[in-house]
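One structure below.
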Amino acid sequence: METDQLKNETVKQAINALQNADKKLWFSLFTTDAKLYDDGNEVDFKQFFEKAIGHERFTTIDRVEDNGLAVYGKFHSDQWGDFKTYFRFKIEENGKINRLNIGQANY
């Protein structure tokens, strides 16, 4: 899967880490107190991605918005199957991601 359309370098690194099941890189891009919201519900960021990385990934990136901070595409989860999703990143001034909103997308 191509990530060339991702112009925000931090987001691109995060998506590539997810795609490559690179937990070390993934977690290094986030603040230690990063917040995760899944379909609007706050969930434990660390616990969620400890389970998800290596078992979930984008299969296509269909749209990128909000100056590269919002990524929409088709997604595969070993547990939940295939569906459209969004990842919306919030990045602090220091370059670390402090919030990620994910969920099913309708487009």
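Only the coordinates and a few stated rules stand behind these numbers; no lab work does. Computed from a predicted structure; not experimentally measured. In this analysis, Cβ positions are derived from the backbone assuming ideal geometry, glycine residues included, and neighbour counts consider all displayed protein chains.
Rounded to the nearest 0.05, what FRET efficiency is calculated for Lys90 and Thr3 with R0 set to 22 Å and r the Cβ-Cβ distance?
Values: r = 19 Å, r/R0 = 0.88.
E(calc), rounded to 0.05, equals 0.70.
Using only C-alpha positions, report the orientation-averaged shadow area of the convex hull of the chain, nm², one decimal.
Working: hull surface 24.6 nm².
Average of the hull's projected areas for the chain equals 6.1 nm².
Given the range 9-104, what count of lysine pairs have C-alpha atoms under 18 Å apart, with each pair 8 or more places apart or on different chains?
20
Want the number for Asn16 to Thr31: 0.36 nm per residue separation, take away the alpha-carbon distance, what's left? If you can, show how the numbers build up before the last one.
Values: separation 15, 0.36 × 15 = 5.40 nm, distance 1.79 nm.
Extra length available between Asn16 and Thr31 comes to 3.6 nm.
Relative contact order of the range 9-104: what whole-number percent is it, with Cα pairs under 8 angstrom and at least 6 residues apart? Let's see the in-between values first.
Numbers: 168 pairs, mean separation 27.5, N = 96.
Relative CO of the range 9-104 lands at 29 percent.
Stretch Asp78-Lys51 to full length: gain in nm at 0.36 nm per residue minus the Cα-Cα span?
Working: separation 27, 0.36 × 27 = 9.72 nm, distance 1.07 nm.
Taking 0.36 nm per residue and subtracting the Cα distance, the gain is 8.6 nm.
Can you work out the Karplus-derived ³J(HN,Hα) for every residue in the range 37-51? Use 6.51 cos²θ - 1.76 cosθ + 1.60 with θ = phi - 60°, whole Hz, and x for glycine or proline.
Those phi angles translate into 10, 10, 6, x, 9, 5, 10, 6, 4, 4, 4, 4, 7, 4, 7 Hz.
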